Amino acid sequence: LTRELSLYLESQVRVGLFGSGVGLSLVLGFGVAYACYYLSSIAKKPQLVASNDRFCRFLEEYCPVVTETYYPTIWCWEGRVQTLLRPFITSRPQVQYRNELIKTADGGQISLDWFDNNDSLYYPDASTRPTVLLLPGLTGTSKESYILHMIHQSETLGYRCVVFNNRGIAGEDLLTPRTYCAANTEDLEAVIHHVHSLHPSAPFMAAGVSMGGMLLLNYLGKTGRDTPLMAAAIFSAGWNVFESVESLEKPLNWLLFNYYLTTCLQSSISRHRQMLEKLFDMDLVMKARTVREFDKQFTSVMFGYPTIDDYYEDASPCRKLKSVGIPVLCLNSVDDVFSPGHAIPVETAKQNANVALVLTSCGGHIGFLEGIWPRKCTYMDRVFKQFVQAIFEHGNKFFSM
């Protein structure tokens, strides 16, 4: 009797849920509904903002990824999720660096990590091998996964890379009580001059990520056409620092990102405490609980700004975009909490023929994950590879247009 009852119940469950198709229909219905939502609202072509028709045609022909539909990873397309997961999901290609320490005019030192690519088949002559200068984010170094992927992409194309590590964060000692900020371009200028002087005949461009992109934009806005760089690529830059910190201070964003980023900043300077205590109340700096508090007590003071607002105004690349004098491609996601979509200077970009913005609906901050299991190449990596290759190998067609 027990066995018969068991078989009866089992048959009723099977018929009720799947035999009748109810359970299967629910699963299929949800799947179809989710797929429709994803294809209609999530997977979209990026918005390409450029006033220069020549620039647009050049990108469409040689960097077509910026006109193709971006399909974010279907199970983690939301901006915060992409931002949080990318460092853990993406692989870390092996890169063998050659380190160089260069001196600065104020007695400090900067650590450069070179990937010489001496095995380059396409450019065996080191003197003319194209060179890409890479600028990591706020507390990033040459070890960041997104930097390693950019180098891997460059390696396949035969290019040389050099990573500009900001003062004091790549293991080298601080020789003076000074670190870095998004507004002061002196160290970047020294690095660009140094790299160019070593390889004056090599085509030369730069790519900056997050704060590295902000620094690069501020440099380009300052120098205009007077730079050895042919072009630049900018990824997930914070365009308006006031809007960025306000976004990061919203409760959920503070919990997920702001507090952690603040502790990273504090950790990056704690090793140099003895040197920095000559000028700063380090106990007060270490009590900061937001990036704004850290900048108020440390960064703005270090670089001589009367107030933190003065620093944030000077650090915001949106105020210098009109002065950029070389071709620049900027990739942002409008759901990036570090650089809110409403703060992206679309109208200003339209006023400079050298600037092109590529705006995706999803991607987060340095996320841009794609594919079912986004372990390797991201959308950002593909934009980087195609644009760098377009400039180095077809740039003469653009510059002669």
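The values are calculated or read from the model by the stated rules, or taken from the named source; none is laboratory data. None of the values given here were measured: they were computed from a predicted structure. A quick note on method: Cβ atoms are made from the backbone with ideal geometry, for glycine too, and the neighbour counts reach across all protein chains shown. Please note that ligands, DNA and RNA were not included when accessible areas were found on the heavy atoms of the full protein model with its side chains. Shrake-Rupley method; radii C 1.70, N 1.55, O 1.52, S 1.80 Å.
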Considering each residue of region 107-132, count those that are surrounded by fewer than 11 Cβ atoms within 10 Å (Cβ to Cβ) and over 28 Å from E393 (Cα atoms), and give that number. 1
Every residue in region 245-260 that is surrounded by fewer than 19 Cβ atoms within 10 Å (Cβ to Cβ), in contact (Cβ under 8 Å) with a residue 40 or more places away in the chain and touching a Leu at 6+ places or on another chain (Cβ under 8 Å), please. L256
Would you mind telling me which numbered condition in (1) closer than 19 Å to G395 by Cβ; (2) among the aromatic types (F, W, Y); (3) without any contact (Cβ under 8 Å) to a residue 60 or more places away in the chain F204 fails? (3)
Could you identify the single residue in A202, A231 that is under 20 Å from A349 (Cβ atoms) and not aromatic (F, W, Y)? A231
Within region 342-364, residues part of a loop (DSSP other than H, G, I, E, B) and open to solvent by less than 20 Å² (accessible area, probe 1.4 Å) come out as I344, P345, N352, C362, G363, G364
Here is a list of conditions, (1) under 23 Å from C76 (Cβ atoms); (2) under 19 Å from the mean Cα position of the chain (by Cα), and V328 meets all of them except one; can you say which number that is? (1)
Scope region 27-69; condition part of a helix (DSSP H, G or I) and in contact with a helix residue (DSSP H, G or I) (Cβ under 6 Å, 6 or more places away or on another chain); matching residues: F58, L59, E60, Y62, V65, V66, T67
Candidates I366, I391, I372, I344, filtered to the one that is on the phi > 0 side of the Ramachandran plot, β-branched (V, I, T) and in the same structural domain as W75 (by the TED database): I366
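For (1) under 16 Å from the mean Cα position of the chain (by Cα); (2) surrounded by fewer than 24 Cβ atoms within 10 Å (Cβ to Cβ), each residue gets a yes or a no:
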residue: Y305; (1), (2): no, yes
residue: A315; (1), (2): no, no
residue: K322; (1), (2): no, yes
residue: P340; (1), (2): yes, yes
residue: F387; (1), (2): yes, no
Residue under question is T223, and the condition is that it be among the hydroxyl-bearing types (S, T, Y), farther than 18 Å from V337 by Cα, open to solvent by less than 40 Å² (accessible area, probe 1.4 Å) and not assigned by the TED database to the domain that holds S339; does it hold? no
Filter region 226-244 for residues that are in contact with a Cys (Cβ under 8 Å, 6 or more places away or on another chain) and open to solvent by 10 Å² or more (accessible area, probe 1.4 Å) and give the result. N240
Hits in region 190-218 (condition: within 20 Å of the chain's Cα centre (by Cα), open to solvent by 10 Å² or more (accessible area, probe 1.4 Å) and closer than 22 Å to G304 by Cα): M211, M214
Taking region 237-275 on its own, how many of its residues are under 16 Å from H342 (Cβ atoms) and either within 20 Å of the chain's Cα centre (by Cα) or modelled with pLDDT under 95 (or both)? 13
Please go through region 153-188 and give me each residue that is assigned to a strand (DSSP E or B) and either open to solvent by 30 Å² or more (accessible area, probe 1.4 Å) or in contact with a helix residue (DSSP H, G or I) (Cβ under 9 Å, 6 or more places away or on another chain) (or both), ordered by number. R160, C161, V162, V163, F164
